[in-house]
Structure formats: structure tokens, C-alpha cells
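The structure follows.
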Amino acid sequence: MGPNPPTDAERRALPRPPGAERGTPHRPVSVLLIDDDPDDHVLTKELVGDIRGGGFSLDWAPSYEAGRDAICAGSHDIYLLDYRLGARTGIELLEEVHARGCFGPVILLTGQGQSRTDLEALNAGAYDYLEKSGLTPALLERAMRYALVQHRAAAELEHKVKERTEELAKVNDALREVNRRKDEFLSTLGHELRNPLAPILNGLEIMRLAADKPETVARQRERLERQVAQMTRLVEDLLDVSRITTGKLRLTREPTSLNEVIESAVEISRPTLEKAGVEMTVDVPRETVTLLADRVRLAQVFSNLLNNAAKYTESGGKVSVTAAVEGDRATVRVRDTGVGIPAELLPMIFELFTQVDQTLNRSQGGLGVGLALVRRLVEMHDGTVSAKSDGRGAGAEFSVVLPITGVAPPR
Ligand SMILES: Nc1ncnc2c1ncn2[C@@H]1O[C@H](COP(=O)(O)OP(=O)(O)OP(=O)(O)O)[C@@H](O)[C@H]1O
Ligand SMILES: [Mg+2]
């Protein structure tokens, strides 16, 4: 730092930090001198008073402790810190305030021949250092303005870092949650895969023992077929999950009749509903509604909703499937009178591996992938799916809205 005072051009080119706005007639930049020597106070006061254009006010902290507390309280815009403070030094003070997590724009004032302390001062977090003997009002002003600018930049940076850290913490929480659900899923999957094994082994044993009783063998074979079908469905679901998460799910879309799609979903799910003792009514328009769809995947959407309705509705309950056309969209609703869904969980049920009540649904089986698959498939058909429920015991309603290409009169 040269001893030459800035020229007028330099002075005009100096950045105007927040302190500069404060250094207007409205509010001067407040400066605190931390120095135990009353003579230095008088001298510094004169220097500050001589700064051209004014804009600075000076206070005095005559001890180490008073200075430290002032910096930590953020009492002033800028701090001039003397190197010698009784038995201690300004460097020690800087280190102490930083250890306490306080930061302020501090300029260290050094005596003659203390140039080795300069580096020490910067390392300890001082914004600048000035040799007292060579000080002029212009030099002092320049150093203070630069310190203010630096301080503002540092504060902005800190703010940004804090924001980023908060964002990262949120992402981290979300990842942790996904991870937790994945763990839960693995355990569910283990149970789901093991459950059919015991009856299958059992059935095989019975078949071995009853080889001469064709009726028993036939009955057992049917049971085995059911169990194997269940396992097959599970494995298919799993493969679909991996297709969802890796983005490899592909559709073959072609002009398709929505009526037929619903019909085939209803046929797929009818046995499940009957087994659950749930009565189904279907109400679709007589007109043929066409859309661009992958008929197998779209049927999977509705049969998934129907299977859920069967699973989460007690025997004796009702399920209705309705379809209606409005403008260029069709809405298909699957409504049941079952256990319902608590409001706070409604937004989550379409997430992979989400199951509302683990204990309640455990007996029902499933992996918590059905609705995630439904949502993905509907979105791939440029549609939306939503769920409504008035809470536990109040039934649930799922609405699928799809763009259509036409409506033809009944055949
Ligand atoms: N019709 C419904 N009534 C009440 N709750 C439902 C209904 N449909 C879904 N849910 C809730 O949403 C959760 C997620 O459904 P989803 O179909 O994704 O999984 P699942 O049925 O448990 O298992 P999977 O479909 O993989 O066999 C279910 O576990 C259940 O708690
Ligand atoms: Mg399901």
C-alpha cells in the first residue's frame, strides 16, 4: 500500500459500498477506534474529521474487551484496531472474535517497523492494515471504503453459501426419505416373494402323496397355478418399476377405443372384485370414444385402480367405473366405498413404494408400485390422474383425464 493519497479521479472511481450510501448526509459511516491510547484517539479523530466531504463519524473503545464486544455486537460499520492493546494485541482480538463466530470489517493499525505483523493481520482476518505514522485522511478513507466493499461482498457470499447449504440439506433429506422407502420396499418385497412359496411347496407335497387321487391333484394344481400367477404379476410389477425408474417404459400408441380399453380392464379385474365380495357397476358412454393409446398399458391403468378398489374395500362394498367426455378430453372415474385415504397422505400415494398403513395393508399384500405405475402411464398418454377421499372409511375416487381424438356414434 503506497503512501500516496488517491487523486481526485481515483477518488471518484472508488466503489460506493453500502457504507457509502450511509456516508451521505443522512447517516454517516460509523467508525470505531479500538485503541487504549487517548493520544491516538485524538489523532485519529482529527484524521477522520479531515476526510474530504465528511461522511464518517468516529467512536472510541479504549480497551480490548470493549472492542471485542463491539465487533461481536456489530455496533459499527467499520473498526480501526490498534496492534498494541495493553498486554495483548489486535491480532489476538481478531482471533478471539472469529473464534466466537463474529465478523466485521476490521482495519489493523500498526506502529512503525511492525511490517511482519501485516501478514499476520491479514491471516487473522483483518481487511487491511495501515501504518499509523504515514496515515493521511485520504489514505484512511480509501482503506475504509475498500473494507466496506469487501465486507459487503463477503456478506453476500455468506448469504449465498447459506442458501445453497439449505438447498442441499433439503435435497439430502429427500434422498434420505427415498432411501428409507427403498429399504422398506426391499423388506416388503422379501415378504411378498416368500408368501406364495409355502403354499407352493405344500401343494407339491400333497400332489406327491395323492398321486393316485386325480381330483386332489387337479385341485392342488389349480392352487399352484394361482400362486404362480401371483408371483408372475409381482415380478412383472418389479420389472415395470425398473422400467419406470430407468425411463425405459415404452408405449406403442395407436387409435384405440377407450370403451374397449375399459371393458378389458373390467374383465381383467372382475375375478378379483368378485373374490373380494365387492359389487361393480360400469357406466361408459354409448358413443365410441377414441384416443391415441397403448391399449394394453392403458387397460393396466384401470385394472390397477380396480384392483386397488377391490383390495381396499370390505366385502359388501361397491365400486363404480364411469367415463364421460367433455370437449377434447375424457374423464374416467373409479370410485369405491372402501377404507379411504387420509387427506395428508393423498399427495404421496402416487410415489413409488408408498403404502398408507403398513400394518393395515400388509395382509393385502402389494409393493406400493401400482399407483406410481398408473401415474407414469397416464402421463405418458398426456393425461393426468388424481385422487380424492374424505378420509378414513369414506371411500376413495380416482380420476384419470385423457386427451381424446374423437367420438363416434354407437355402432
Ligand atoms: N382405492 C383405494 N382406497 C384406499 N387406499 C388406497 C386405494 N388405492 C390405493 N390406496 C393406498 O395407496 C397405496 C398405494 O397404492 P399402490 O397401488 O401404489 O400400492 P399397493 O396397492 O399397496 O401395492 P401394489 O399396487 O404394488 O400391489 C396403497 O398401499 C393404499 O394404502
Ligand atoms: Mg395397488
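The values are calculated or read from the model by the stated rules, or taken from the named source; none is laboratory data. Note that this is a predicted model, so its numbers are computed, not measured. No Cβ is skipped: glycine too gets one built from the backbone with ideal geometry, and neighbour counts run over all protein chains shown. Side chains included, ligands, DNA and RNA excluded: accessible areas come from the protein's heavy atoms. Shrake-Rupley method; radii C 1.70, N 1.55, O 1.52, S 1.80 Å.
Please work out the C-alpha center-to-center distance from the stretch 73-129 to the stretch 243-295 and express it in whole Å.
When both Cα centres are located, 75 Å separates them.
Something else: Let me spell out the model: positive unit charges on the Cβ of Lys and Arg, negative unit charges on the Cβ of Asp and Glu, origin at the Cα centre of the stretch 254-408. What dipole size does that give, in debye rounded to 20? List each step's numbers first, then the result.
Values: 15 positive and 20 negative charges, 68 e Å.
For the stretch 254-408, the charge dipole is close to 320 debye.
Something else about it: Among the DSSP beta bridges whose two residues both lie in the chain, what percent are antiparallel, rounded to the nearest 5? Kindly include the intermediate steps, with their values, before the conclusion.
On the way: 31 of 55 bridges.
In the chain, approximately 55 percent of DSSP beta bridges are antiparallel ones.
Another question, then. What helices does the chain hold that run 24 Å or longer along their axis, going by alpha-carbon atoms, with a Kyte-Doolittle average of -1.0 or more, using DSSP H for the helix calls? Write down the numbers at each step before the final one.
Working: long enough: 137-194 (85 Å, -0.79); 214-245 (46 Å, -0.66); 258-276 (26 Å, -0.06).
Span-like helices here: 137-194, 214-245, 258-276.
To continue, here is another question. Under 8 Å for C-alpha pairs, at least 6 residues apart: give me the relative contact order for the stretch 8-164, rounded to a whole percent.
Numbers: 246 pairs, mean separation 38.4, N = 157.
Answer for the stretch 8-164 is 24 percent.
Give me the lysines in straight-line cross-link reach of Lys160: C-alpha distance below 18 Å, same-chain residues under 8 apart excluded.
Candidates past the 8-residue exclusion: Lys170.
Find out how many positive minus negative residues lie around Asp36, taking Lys and Arg as positive, Asp and Glu as negative, among other residues whose Cβ is under 9 Å from that of Asp36.
Numbers: positive: Arg84; negative: Asp35, Asp37, Asp40, Asp82.
Summing Lys and Arg as +1 and Asp and Glu as -1 gives -3.
Of all accessible surface on the stretch 8-164 at a 1.4 Å probe, what whole percent is carbon and sulfur? Kindly include the intermediate steps, with their values, before the conclusion.
Values: 4170 of 8020 Å².
On the stretch 8-164, the fraction of accessible area on carbon and sulfur atoms equals 52 percent.
Pick out which of Asp39, Asp382, Asp173 has the largest mean-square fluctuation in a Gaussian network model of the chain, springs linking Cα atoms closer than 10 Å.
Asp39
How much mean residue ellipticity at 222 nm does the chain get from its helices, if each DSSP H run of length 4 or more adds -39500 (n - 2.57) and you divide by all residues, to the nearest 500 deg cm²/dmol? Display every interim value, and only then the final one.
Values: 13 runs with 206 residues, N = 411.
Here the helix-only value at 222 nm equals -16500 deg cm²/dmol.
Could you pull the accessible area for Leu43 with a 1.4 Å probe, rounded to 10 Å²?
Here the accessible area works out near 100 Å².
Using a 1.4 Å probe on the protein chains only, how many percent of the accessible area of the stretch 195-245 belongs to carbon and sulfur? Walk me through the numbers before you get to the answer.
Values: 2030 of 3520 Å².
That fraction is 58 percent.
Please state the shape class of the stretch 232-309: rounded when a/c is under 1.5, otherwise prolate if a/b exceeds b/c and oblate if not, all from the C-alpha gyration tensor. Present the calculation step by step, with values, prior to reporting the outcome.
Details: a/c = 3.08, a/b = 1.14, b/c = 2.71.
Verdict is oblate for the stretch 232-309.
On alpha carbon coordinates alone, what is the Rg over Rh value for the stretch 25-79, Rh being the Kirkwood radius?
Details: Rg = 11.4 Å, Rh = 11.6 Å.
Ratio of gyration radius to Kirkwood radius: 0.98.
Provide the FRET efficiency to the nearest 0.05 for the Glu236-Asp328 pair, computing r from the beta carbons and using R0 = 35 Å.
Numbers: r = 33 Å, r/R0 = 0.94.
FRET efficiency, Glu236 to Asp328: 0.60.
Let me ask something else. So how much accessible area does Lys170 have, in Å² to the nearest 10, using a 1.4 Å probe?
So the heavy atoms of Lys170 present about 150 Å² to solvent.
Another question, then. Extent of the chain along each principal axis, from alpha carbon coordinates, in Å, largest to smallest?
Largest to smallest, the principal-axis extents are 115, 59, 37 Å.
Among the trypsin sites (Lys or Arg not before Pro) within the stretch 220-275, which fall in a DSSP loop and have no more than 12 other Cβ atoms within 10 Å of their own Cβ?
Those that pass, being in a loop and sparsely packed, are Lys248, Arg250.
Taking a ≥ b ≥ c as the square roots of the Cα gyration tensor eigenvalues, with a/c under 1.5 meaning rounded and otherwise prolate when a/b beats b/c, else oblate, which class fits the stretch 60-102?
Working: a/c = 1.83, a/b = 1.20, b/c = 1.53.
Oblate shape, in that a/c is at least 1.5 and b/c is the bigger or equal ratio.
Turning to a different aspect of this structure: Once the cut-off is 17 Å, how many percent of the Cα-Cα pairs in the stretch 195-245 end up in the long-distance tail?
Numbers: 561 of 1275 pairs.
Tail of P(r) above 17 Å: 44 percent of Cα pairs.
Still on this structure, please answer the following. The stretch 363-394 to the stretch 181-207: how many Å between their Cα centroids?
Computed from Cα coordinates, the inter-centre distance equals 24 Å.
So which lysines pass the test for Lys318, namely a Cα distance under 26 Å, with those fewer than 8 places away in the same chain ruled out?
The qualifying lysines are Lys275, Lys388.
Another question, then. Rolling a 1.4 angstrom probe over the protein heavy atoms, how many square angstrom per residue are accessible across the stretch 8-164? Kindly include the intermediate steps, with their values, before the conclusion.
Details: 8020 Å² over 157 residues.
Heavy-atom accessible area per residue stands at 51 Å².
Let me ask something else. Which lysines, on any chain, are close to Lys45 with Cα under 19 Å apart, when same-chain ones fewer than 8 places away are left out?
The qualifying lysines are Lys132.
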